[in-house]
Each structure stands twice: as C-alpha cells, then as structure tokens.
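The values are calculated or read from the model by the stated rules, or taken from the named source; none is laboratory data. Please read all numbers here as calculations on a predicted model, not as lab measurements. For neighbour counting, all protein chains shown are included, and Cβ atoms are generated from backbone atoms with ideal geometry for every residue, glycine included.
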Amino acid sequence: MKIYIMTDLEGATGVYSFRQTRERGTPAYHEAVHLLMGDIAAVAEGLKAAGATDILALDGHGGGGNFLPECMVPGVRHITGSGCCRPVWGLDETCDGLVLLGYHAMNGTPDGVLHHTQCSKTEAKYWYDGVERGEIFQHAALGGHFNVPVLLVTGDEAACREARATLGDDLPVVAVKRGINREAAALLAAAETRPLLVEGARQALAARAARKPLKPAFPLALRIRESDPQRAAPETPWFAERTCVVRTGLDICTGSPG
C-alpha cells in the first residue's frame, strides 16, 4: 500500500513563530525542522503499523530544502530539494492515500497559528467560485485529480477544524497545538504529540475505505488578492487582484487566464 505525505512546517509540533519558518540557518529554524522530522517519523510509524509498504514524504514548505538527512527514518522516501513541488513529484494514481502533515489554517483565521494561504508576506487570499479556501482545500483537490483521497490532516486545532469543514466531519485529524493568535499557541511537547500522531495515522489508514477523493466541479472561477503591509500606508492600502479559471486539480493554486 502506497501512501503519500505532503508536509508543511507551520503546523508541526512546537512551531508557533514565523521566526522559526522564514529565517533559514538560524537555531530557531533548525529546531522547527527537527520537530517536523519527528512528526513525519511518528506518522510513518503509524502508517507502517497499519500496513503501508511504500511511504513518500514531500518537503512542501517554501520550495523544499527543509528535511534533515540525519533524522530520516527507514521505510520512507523523503522528497526534497529545489523543484520537487512544482509539479509535485511522485503523486499519481498509484497512491492509495494522502496525508497532509503540519498544515495551517487559511489566511485570516483568528486562532490559526501562522495562518496564511500560499504566501504570508503578501497576505494572499484565494476564492474559488466566491468561497474562500486555503491550502488544505488546494492540496486535497490536487490529490483528487489523481483519485487519491486525504486520509489524515495534522496541524493546529484551527487547521483540523478547517480540514473537517472541507473534507467531512468524520475526517481523521490530529491537533498538535491550540492557537491563541497568529504567533502564539498552547503547545504540546513532542513526547506527547508523537503517540497521538502514531495512533492517528494507524487509525486513519485502517479507515481508508471510508475516504473519497475531493473532486470539485470544474471549471472554477479563482480570485486571488494580495496585500503588502510593507508597501502600504494607512491612507493608501496597497493590494492587487487577479482572476483566472481553474480547469483541473493540477492548476488549483494558479489557474489560467479566463
């Protein structure tokens, strides 16, 4: 059984500050990616216990380069490096399920730790047929393009809530922290989240038959709005908008000119 894990960094155990996710090469960043690797190892342990024989984990944060070779566990193919995410390497019809690990809530979610959609620095927002969506919807639809269902979502409580609102109240989720605001959270120790992730992954794979791929009704009208606080003054806020058409799950994040 082949399971694909798509990872992000903001929703990993112990991560609560953009200082941990943006400033590569710093002690805070190294601590964050080390915690991410622990979450991957825990989920992989649960998946293997439930029968997964082939596990791929994609380094999906900021274009890759976040995985630590010394923390990689046997039985997982870790996909990282420049260009590994566009297109997503290895995700296809041969996969039996998709795990979204370390995810965050969409831009503007009050209790979402490090909430954003695609880009936090320009405060991007995405509407599909008038409904605002985040990266959980986007990546679930990408999996749906290949008939691959989302089996499990991990992240903060807000991300888990958004995942269930998007993919069904019965979706297996594991919350590893509770958001207070954008850069504050009530955290759990890695020693506490690891068994939760192991068991959550085991149960999610065991319940795989109940999950269905997300297949939006294409085409979708996509509106993207970006605002940049650094370029804006209070009296003249800066923002840019564009509209496009999304015709398949492959271009769910970008669309094409209408």
Legend entry - From the options G143, G112, G179, residue that is within 23 Å of V88 (Cα to Cα) and surrounded by 22 or more Cβ atoms within 10 Å (Cβ to Cβ): G143
Inset, instruction - Report, by residue number, each residue of the range 126-140 that is farther than 19 Å from D156 by Cβ and surrounded by fewer than 22 Cβ atoms within 10 Å (Cβ to Cβ). - result: W127, Y128, D129, G130, V131
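Taking the options L35, L47, name whichever one is in a helix (DSSP H, G or I), aliphatic (A, V, I, L, M) and farther than 23 Å from H115 by Cβ. Write out each step before concluding.
Details: L35 fails: farther than 23 Å from H115 by Cβ.
After ruling out the rest, the residue left standing is L47.
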Legend entry - In the range 37-55, residue surrounded by the fewest Cβ atoms within 10 Å (Cβ to Cβ) [restricted to those that are under 17 Å from Y103 (Cβ atoms) and touching a Cys at 6+ places or on another chain (Cβ under 9 Å)]: G38
Legend entry - Pair list, Cβ under 9 Å, 6 or more apart: the range 213-227 residue in contact (Cβ under 8 Å) with a residue 60 or more places away in the chain and surrounded by 17 or more Cβ atoms within 10 Å (Cβ to Cβ), other residue part of a loop (DSSP other than H, G, I, E, B) and among the basic types (K, R): L220/R247
Inset, instruction - Would you mention how many residues in the range 129-181 are more than 21 Å from I40 (Cα to Cα) and among the aliphatic types (A, V, I, L, M)? - result: 5
Inset, instruction - For residues that are touching a Ser or Thr at 6+ places or on another chain (Cβ under 8 Å) and without any contact (Cβ under 8 Å) to a residue 24 or more places away in the chain, tally how many sit in the range 48-92. - result: 2
Inset, instruction - Under 7 Å between Cβ atoms, at least 6 apart or on separate chains: pull out the pairs that start in the range 22-42 with a residue that is under 28 Å from E199 (Cα atoms) and end on any residue that is buried (at least 20 other Cβ atoms within 10 Å of the Cβ) and among the aromatic types (F, W, Y). - result: M37/F67
Inset, instruction - List every residue pair whose Cβ atoms sit under 6 Å apart, with the two residues 6 or more apart in sequence or on different chains, where the first one lies in the range 233-245 and is closer than 24 Å to W127 by Cβ and part of a loop (DSSP other than H, G, I, E, B) and the second, anywhere, is charged (D, E, K, R) and at pLDDT 65 or above. - result: W238/D228
